[in-house]
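The values are calculated or read from the model by the stated rules, or taken from the named source; none is laboratory data. These numbers come from a predicted model, not from an experiment. Cβ sites come from the backbone with ideal geometry, for glycine too, and all protein chains shown count toward neighbours. Surface areas here come from the heavy atoms of the whole protein model, side chains and all, with no ligands, DNA or RNA. Shrake-Rupley method; radii C 1.70, N 1.55, O 1.52, S 1.80 Å.
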Amino acid sequence: TLQVADALQAGEIRPWFQPQVDAATGALTGFEALARWYHPDLGILTPPQFLDSIDGAGQTAALGERMLRDALHALETWDRAGLDVAQVGVNFSLAELRDPRLADRVIWEVDRRDMAPGRIAVEILETVTLDDAEEVIIRNVRALRDAGLRIDLDDFGTGAAAISHIARFGVHRIKIDRSFVSDLEESDEKRRIIAAILRLAVELGIDTLAEGVETDAQAVALAEMGCSHLQGYAIARPMPLTDTIAWARGRPAPQPDLALLSPRGTA
């Protein structure tokens with residue numbers, strides 16, 4: 001049995017960070033915090049390998065608190081290093097969003113570090129927006145937005161979020177799901193879907209980011225289509241906080257062209 005409560009207490013579970021860049025210039029615009037478990041016997045585990053255990057052990061809130069605190073610590077670390085990181089994305093589960101105390105706890109964590117709230121992006125799955133009965137979720141997300149945090153709608157295109165839901169949640173950015181990006185070069189249908197999502201975003205005044213960008217060709221195509229931000233292995237794999245500064249400093253200066261993908265970052 002995976003002893004997740006002990007692992008959280010021992011600091012074995014903490015975030016790795018995947019860079020996000022401006023699609024047109026390659027400039028670093030942020031990171032997403034992604035949970036990793038430094039398991040003493042099994043090595044580094046990714047969320048699909050332990051999230052069910054977290055759920056079963058009733059540790060979802062504890063994991064969320066750990067990820068938020070570590071993301072705020074990362075922002076402080078980047079600031080001290082003179083690295084310009086506009087924001088870090090933190091994923092919030094459905095169970096967390098159902099906690100009526102969530103917004104107060106998050107705002108308290110941000111305030112006590114004297115951090116600008118707009119530097120935390122609250123990432124929520126598109127499917128979370130579909131349940132009209134979940135008024136507590138709507139209150140939490142609105143309270144976080146009203147406090148100045150950013151709202152990112154994750155895995156966009158895989159659910160059926162209506163425009164009214166996007167407006168209700170006050171979404172700042174939609175993250176186009178990797179399933180539309182994966183064979184973008186070969187699929188006219190995928191290109192049409194992405195183009196439609198980008199047009200919708202423009203009409204609503206919402207920012208965009210494409211997830212799962214794995215090739216230079218995908219990056220160039222997305223930039224040409226008007227996608228604002230890119231995230232994926234073609235930019236860099238998720239990496240420990242200790243590697244992020246060297247990765248960022250090792251990149252060429254941003255250029256107003258599409259040559260934005262070197263070096264590749266670390267595994």
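Give the residues of region 147-160 that are in a loop (DSSP other than H, G, I, E, B) and either surrounded by fewer than 18 Cβ atoms within 10 Å (Cβ to Cβ) or at pLDDT 90 or above (or both), sorted by residue number.
Ala147, Gly148, Leu149, Thr158, Gly159, Ala160
Return yes when Ala219 is touching a Gly at 6+ places or on another chain (Cβ under 9 Å), crowded, with 17+ Cβ neighbours inside 10 Å and touching a residue at least 60 places away in the same chain (Cβ under 8 Å) and no when it is not.
Judged against the criteria, Ala219 is a match.
Return the pairs, sorted by first residue and then second, in which the second residue is assigned to a helix (DSSP H, G or I) and open to solvent by 40 Å² or more (accessible area, probe 1.4 Å), the first residue lies in region 46-63 and is free of Cβ contacts under 8 Å to residues at least 40 places away in the same chain, the beta carbons are less than 6 Å apart, and the residues are 6+ apart or on different chains.
Thr60/Ala95
Conditions: (1) assigned to a helix (DSSP H, G or I); (2) at pLDDT below 90. Asp70 meets all but one. Number of the miss?
For Asp70, the failing item is (2).
Considering (1) open to solvent by less than 10 Å² (accessible area, probe 1.4 Å); (2) under 23 Å from Arg237 (Cα atoms); (3) part of a helix (DSSP H, G or I), say which one Val213 fails and leave the rest.
Every listed condition holds for Val213 apart from (3).
Which of the residues that make up region 167-185 are assigned to a loop (DSSP other than H, G, I, E, B) and open to solvent by 10 Å² or more (accessible area, probe 1.4 Å)?
Gly170, Val171, His172, Asp177, Ser182, Asp183, Glu185
Table: residues versus (1) modelled with pLDDT of 95 or more; (2) among the basic types (Lys, Arg); (3) open to solvent by less than 70 Å² (accessible area, probe 1.4 Å); (4) not in a strand (DSSP E or B).
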{"residue": "Glu76", "(1), (2), (3), (4)": "yes, no, yes, yes"}
{"residue": "Gly89", "(1), (2), (3), (4)": "yes, no, yes, no"}
{"residue": "Asp99", "(1), (2), (3), (4)": "no, no, yes, yes"}
{"residue": "Val106", "(1), (2), (3), (4)": "yes, no, yes, yes"}
{"residue": "Met115", "(1), (2), (3), (4)": "yes, no, yes, yes"}
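Return yes when Ala7 is free of Cβ contacts under 8 Å to residues at least 60 places away in the same chain, buried (at least 21 other Cβ atoms within 10 Å of the Cβ), on the phi < 0 side of the Ramachandran plot and touching a strand residue (DSSP E or B) at 6+ places or on another chain (Cβ under 8 Å) and no when it is not.
yes
Which residue is modelled with the highest pLDDT, if the candidates are limited to region 118-146 and must be open to solvent by 40 Å² or more (accessible area, probe 1.4 Å) and not charged (D, E, K, R)?
Leu125
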